[in-house]
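Report on the structure given below.
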Amino acid sequence: MMKKNPYASQNAVIEKVVQETPGIKTFQVRPDKAFSFRCGQFAELLVPGVGEAPFAPSSPAYRPELLEFTIQNVGYMTSRLHAMDAGDRVGLRGPYGNGFPLDAFKGRDILLLIGGVGFPPARALLYSLLQDRASYPRIVMCYGARSPRDIVYQYQLDDLGKEIEFHITVDRPDEGWTGKTGVVTTLLDKVSLNLGKTAAVVIGPPIMMKFGTLKLLKVGFPPESIYLSMERKMYCGVGQCRHCMIDHLFICKDGPVFQFSQLQHFSDIWE
Amino acid sequence: MTSVERYYVGKEQWESILKDWLFKYSVLAPLKKAGINHIESITSDNYQKIIYDEARPVQPLKTFLLPSLEDVAGGSPQTQKSSLLLGIKACDLSALPILDRAFGGDFADPFYQARRDKTVIVSSDCSQPWETCFCTLVGGQPYPLKGFDLNLTKVWDGFIIEVGSLKGRDLFDGYDKLLKELVREEELALQKMRREVLRKVDKQNHPHYLKRSVSELLDGQWESEVWDRHASTCVECGACNLACPTCHCYFLDDVTRREGVKLRGWDACLYSGYAVTAGGGTPRPRLVQRFRNRYACKLQYLEKNYGQLGCTGCGRCIEGCQGLIDMRKAMHELSKSPGAGS
């Protein structure tokens, strides 16, 4: 008997494509079989005959039959994906990784420090937190985008602002922008937090994660209260190919969510 | 098996058994090819030319369990004849537990597993180490102690055969009467030969002796100038990675323009593109970072992941290096340079 092939994908069909920003689209994908996952886990999404890459769903974990992936057009695989439309077929395998430790979050205030396309996995986390809203006394999100055009999920932000404390900033404002300007870490200066009680989640591009983490440490967060969703070049997703390693840890298997205390003594952490 | 099970078999008897095995197995063993010991397919034409002793062949054992390129999209690999690998040396055998653990577990690779299950390993003692051999420097020895189905030690005009597994025992079904119980002279010859080879490897590596244990070599040495010095002649060809019996990094490639094909191929962490993401970022943009990463993987990470050192001292990385980089020299310098333990 052939054992299950961990490199084989199941079929999925794109049902809907939402243009979030000029370079970012959300793909609503229906897999043949429900794809159960925990928020923060990721899938390997395959464009047949083109390529495969890891993405965390941005949709709620309690809806495994219809997933959403919000993806920026940055490389070969994502450019081909961006050319696809409703009815087109993709592949999915996973879920992989540990996901966010919701049990460890329970009873604590949650700070989400999010940059750019770090929002998609954060959205999956928010769905889970909001489903169990009473367990988290305070939820604060600080989101930074490059410019007003680069803000994702604009159609949901008003509603989100009613459920949690939502702060937003852009690096480069345009003429119509009336909100805050500056990198996302500047938002932290205006938010007062109970450091002993708060778990901070940092997701975003490497440079933002680096300075976000340094800022949180400076503000006084202990390293074990800073949760990072890490990203690296990845092929297998199952702890074999070794491309995603930080020191001896596999991002795909031991992560992608790490407490900073797990990583702080390693070198070459950030890209 | 509680005690060591050993027999003596004469060369003629051994070859008569081997001829029978040629029908049942696809037999692979080292032959001389342009002066190099190269594992080749064995047939009734060349079985008498097999090199049982000397030292390791040019190909690492992983070549036969994890092909350099294969399609891993579909079903099981073609049902093939079982393989009998002959003449495998201790430095390759001791890499096997790392591969077994990496490709086993929760997400076991069925392609590796299928080949592994169908492979019988008949190892043999080294009699003459290459100049690049350094197994004793990293805790090994030039003769197999475990991990084989059978092990051969060439003595006089025959072999001492040690049975290492039931699979190995079964190979002799029907041939029992060709095996002779070991006599004391043969036992002593084996001990003497092993002592001598061990001494040879030790002696040629004396200039590279390590002042600290291998697993402590990197302590306090992350910023050492040893890295810059040794990486300075690296041409990023990846030969050290590809030739290494424990290296098993791979890429997956769907860019085939054909659906249902997913190629897996050996990758090398020395390549500048190894960890580059779609956005162009990489955690190790500088060559010296990638060079250091390989050593860290061999000497620390693999041990943390799979419980054993990632270097077996086979010396292929030295032999294959275009930049004349010698891992023994780098390790020796790391072991004595100041800053250690700081």
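The values are calculated or read from the model by the stated rules, or taken from the named source; none is laboratory data. Quantities reported herein were computed from a predicted structural model and do not represent experimental measurements. Methodologically, a virtual Cβ is constructed for each residue, glycine included, from the backbone with ideal geometry; neighbour enumeration extends over all protein chains shown.
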Problem - Residues of region A:238-249 satisfying the condition of being facing chain B (nearest Cβ under 8 Å) and assigned to a strand (DSSP E or B) - result: A:Met245, A:Ile246
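Out of the residues in region A:250-271 that are assigned to a helix (DSSP H, G or I) and away from every other protein chain (no Cβ under 14 Å), which is farthest from A:Pro206 (Cα to Cα)?
Start the filter on region A:250-271 by keeping residues that are assigned to a helix (DSSP H, G or I), which leaves A:260-263.
Narrowing further to those that are away from every other protein chain (no Cβ under 14 Å): A:260-261.
On the way: A:Phe260: 14, A:Ser261: 17 Å.
Of everything passing the filter in region A:250-271, A:Ser261 is farthest from A:Pro206 (Cα to Cα).
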Problem - Any hit, region A:64-71, residues being closer than 19 Å to A:Gly237 by Cα, buried (at least 16 other Cβ atoms within 10 Å of the Cβ) and either facing chain B (nearest Cβ under 9 Å) or at pLDDT below 95 (or both) - result: no
Fill in the blank from the handout: A:Gln259 vs (1) under 25 Å from A:Ser58 (Cα atoms); (2) touching a residue at least 40 places away in the same chain (Cβ under 8 Å); (3) in contact with a helix residue (DSSP H, G or I) (Cβ under 7 Å, 6 or more places away or on another chain): all pass except (2)
Exercise for the section: Please give the number of the condition A:Phe266 fails out of (1) touching a strand residue (DSSP E or B) at 6+ places or on another chain (Cβ under 7 Å); (2) crowded, with 21+ Cβ neighbours inside 10 Å. Expected result: (2)
Handout entry: Check on A:Ile151, farther than 23 Å from A:Thr198 by Cβ, touching a residue at least 40 places away in the same chain (Cβ under 8 Å) and β-branched (Val, Ile, Thr)
Key = yes
Exercise for the section: Please go through region B:1-55 and pick out each residue that is under 15 Å from B:Leu150 (Cβ atoms) and aliphatic (A, V, I, L, M). Expected result: B:Met1, B:Val4, B:Val9, B:Ile17, B:Leu18, B:Val27, B:Leu28, B:Ala29, B:Ile50
Completion exercise
Of the listed residues (A:Cys142, A:Cys39), the one being within 20 Å of A:Leu160 (Cβ to Cβ) and not assigned by TED's automatic domain parsing to the domain that holds A:Ile168 is A:Cys39
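Of all residues being hydrophobic (A, V, I, L, M, F, W, C) and buried (at least 19 other Cβ atoms within 10 Å of the Cβ) in region B:109-120, which is nearest to B:Leu66 (Cα to Cα)? Just the residue, please.
Keep residues of region B:109-120 that are hydrophobic (A, V, I, L, M, F, W, C), which gives B:111, B:114, B:120.
Within this subset, residues satisfying the condition of being buried (at least 19 other Cβ atoms within 10 Å of the Cβ) are B:111, B:120.
On the way: B:Phe111: 8, B:Val120: 15 Å.
Filtering first and then ranking leaves B:Phe111.
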Exercise for the section: Working only within region A:169-206, note down all residues that are farther than 24 Å from A:Gly40 by Cα and of a type in the set (D, E, K, R). Expected result: A:Asp171, A:Arg172, A:Asp174, A:Glu175, A:Lys180, A:Asp189, A:Lys190
Fill in the blank from the handout: B:Thr312 vs (1) in contact (Cβ under 8 Å) with a residue 24 or more places away in the chain; (2) more than 27 Å from B:Ser213 (Cα to Cα): all pass except (2)
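Can you tell me which residue is nearest to B:Ser127 (Cα to Cα) among those in region B:26-72 that are without any contact (Cβ under 8 Å) to a residue 60 or more places away in the chain and among the aromatic types (Phe, Trp, Tyr)? Can you show your working first?
Let us first name the residues in region B:26-72 that are without any contact (Cβ under 8 Å) to a residue 60 or more places away in the chain, namely B:26-51, B:57, B:59, B:63-65, B:67.
Then drop every residue that is not among the aromatic types (Phe, Trp, Tyr), which leaves B:47, B:64.
On the way: B:Tyr47: 20, B:Phe64: 24 Å.
Ranking the candidates gives B:Tyr47 first.
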Practice task
Quick one: which helices (runs of 4 or more DSSP H) lie wholly within region B:270-324 and hold at least 1 residues that are more than 24 Å from B:Leu61 (Cβ to Cβ)?
Solution key: B:287-296
Exercise for the section: Specify the residue that is farthest from the other protein chains (Cβ to nearest Cβ); the eligible residues are those in region A:205-237 that are more than 18 Å from A:Phe55 (Cα to Cα) and assigned to a loop (DSSP other than H, G, I, E, B). Expected result: A:Gly220
Exercise for the section: May I ask you to verify whether A:Ala43 is small (Gly, Ala, Ser), crowded, with 20+ Cβ neighbours inside 10 Å, closer than 16 Å to B:Leu252 by Cβ and touching a Gly at 6+ places or on another chain (Cβ under 7 Å)? Expected result: yes
Practice task
Could you tell me which residue of region B:269-310 is surrounded by the fewest Cβ atoms within 10 Å (Cβ to Cβ), considering only residues that are more than 9 Å from chain A (Cβ to nearest Cβ) and of a type in the set (A, V, I, L, M, F, W, C)?
Solution key: B:Val288
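If you take just the strands (runs of 3 or more DSSP E) that sit entirely in region B:35-153, which of them hold at least 2 residues that are of a type in the set (D, E, K, R)? Steps first, please.
On the way: elements: B:36-41, B:69-71, B:83-88, B:119-124.
Correct list: B:69-71.
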Completion exercise
B:His248 passes all but one of the listed conditions (1) assigned to a helix (DSSP H, G or I); (2) within 14 Å of chain A (Cβ to nearest Cβ); the exception is number (1)
Practice task
Would you confirm whether any residue within region A:63-81 is out of contact with any strand residue (DSSP E or B) (no Cβ under 8 Å at 6 or more places or on another chain) and among the charged types (D, E, K, R)?
Solution key: yes
Problem - Residue list for region B:251-268, filter: surrounded by 20 or more Cβ atoms within 10 Å (Cβ to Cβ), more than 7 Å from every other protein chain (Cβ to nearest Cβ) and in a strand (DSSP E or B) - result: B:Arg264
Exercise for the section: Note down all Cβ pairs under 7 Å where the first residue falls in region B:1-24 and is in a helix (DSSP H, G or I), the second is acidic (Asp, Glu) and surrounded by fewer than 14 Cβ atoms within 10 Å (Cβ to Cβ), and they're at least six residues apart or on different chains. Expected result: B:Lys11/B:Asp157
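Quick one: how many residues across region B:94-143 are within 14 Å of chain A (Cβ to nearest Cβ) and of a type in the set (Phe, Trp, Tyr)?
Let us first name the residues in region B:94-143 that are within 14 Å of chain A (Cβ to nearest Cβ), namely B:98-118.
In the following step, the residues that additionally are of a type in the set (Phe, Trp, Tyr) were identified as B:103, B:107, B:111-112.
Result for region B:94-143: 4.
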